[in-house]
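A.B. asks: Mind having a look at this structure? Questions to follow.
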């Protein structure tokens with residue numbers, strides 16, 4: 001060292017020579033620890049992920065439920081317009097159908113299967129909702145609330161990509177259904193009703209399995225576009241990479257979360273629907289002499305039932321979208337160390 005003062009010098013580890021010590025960073029003094037946050041900054045257990053979806057739903061209800069209510073209102077209007085157009089075009093067919101009880105029963109069963117398929121096709125809307133909610137999920141790690149207007153402004157430049165991703169996923173789900181059910185038509189043309197029924201059942205099972213697999217591998221498409229500002233193609237690659245590990249864990253979380261939230265919503269809605277049905281029966285009985293009163297009661301009851309259906313669907317998909325975003329950040333913490341980044345970001349804040 002010679003006459004070099006060790007207290008004011010340090011070794012340059014690139015050259016091995018002594019140099020003057022760089023000045024110490026100024027003392028920042030005591031600061032309070034960063035807020036705990038609604039979601040923990042660490043990988044989540046299976047049950048914690050399901051619970052985090054509910055906590056996030058309660059923490060940012062205007063963003064989660066509000067965005068879901070807007071999306072499903074527009075979706076319901078679109079389906080109503082399509083249904084009205086189909087009813088007008090096939091009105092003679094429906095009149096003939098009403099005179100045949102066996103045909104009417106078969107059509108009702110087919111309509112019920114169609115409603116189930118339509119509810120599964122609406123999974124494409126979860127990508128748009130998860131993209132909108134992902135900004136609020138990111139802020140919830142620091143216990144900061146995000147309103148719907150704030151999230152919409154923060155998505156400037158990414159809204160069109162989210163809509164395109166939603167249309168793409170809805171098209172993929174519908175394309176799989178059409179491709180698997182297309183072979184049923186030749187069986188019907190050859191008067192092979194049994195073969196047509198067997199293939200339809202097999203096609204429904206295959207479509208359900210393919211639907212689950214594709215939508216799980218691409219579940220983080222909307223979140224990746226919103227949080228990481230990716231294109232639709234890059235978002236697909238990103239989601240495919242993140243879901244490559246922990247497939248069965250994420251499948252269990254998303255499937256069980258969707259089932260439990262659906263059962264919870266049905267548990268709340270069913271008594272209300274029963275009460276409305278009883279009131280409708282009482283109103284129809286007391287207003288037997290007034291056709292106008294009966295029509296008014298029927299219209300109000302149908303309107304209330306449709307509103308309850310819309311609200312229940314909005315709450316169900318709001319929770320499901322929250323759960324998707326929670327799994328998105330949890331997978332990043334497990335595979336990419338995002339928890340350390342979140343902790344450092346909150347400390348700097």
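Bear in mind that the values in this text are calculations on the coordinates, not laboratory data. If you're wondering where the values come from, they're calculated on a predicted model, not measured in any experiment. When we count neighbours, we look across all protein chains shown, and the Cβ atoms used for this are built from the backbone with ideal geometry, even at glycine.
A.B. asks: Based only on the alpha carbon positions, what is the Kirkwood hydrodynamic radius of segment 161-272, in angstrom?
C.D. replies: Radius from the Kirkwood sum: 16.5 Å.
A.B. asks: Obtain the nm distance between the two label points defined at residue 308 and residue 277 by a simple spin-label model: each point lies 7 Å from its Cα along the Cα-to-C-beta direction.
C.D. replies: 0.9
A.B. asks: Over the alpha carbons of segment 128-182, what is the largest minus smallest coordinate on each principal axis, giving the biggest first in Å?
C.D. replies: 50, 21, 12
A.B. asks: Moving on to the next point. Defining a contact as two alpha carbons under 8 Å apart and six or more residues distant in sequence, what relative contact order in percent does segment 232-349 show? Walk me through the numbers on the way to the answer.
C.D. replies: Numbers: 37 pairs, mean separation 41.2, N = 118.
The normalised contact order for segment 232-349 reaches 35 percent.
A.B. asks: Would you mind ranking 342, 306 so that the residue whose beta carbon has the fewest other beta carbons within 10 Å leads the list?
C.D. replies: 306, 342
A.B. asks: For 249, 233, 158, what's the fewest-to-most ordering of other Cβ within 10 Å of each Cβ?
C.D. replies: The most exposed by this proxy come first: 233, 249, 158.
A.B. asks: Something else now. When N is the residue count of segment 208-339, what does its C-alpha Rg come to as a fraction of 2.2 N^0.38 Å?
C.D. replies: Expressed relative to 2.2 N^0.38 Å, the Cα Rg reads 1.55.
A.B. asks: Here's something else I'd like to know. Cut-off is 10 Å between beta-carbons; in what order do 220, 274 appear when sorted fewest neighbours first?
C.D. replies: Numbers: 220 31, 274 10.
Starting with the residue having the fewest Cβ neighbours, the order is 274, 220.
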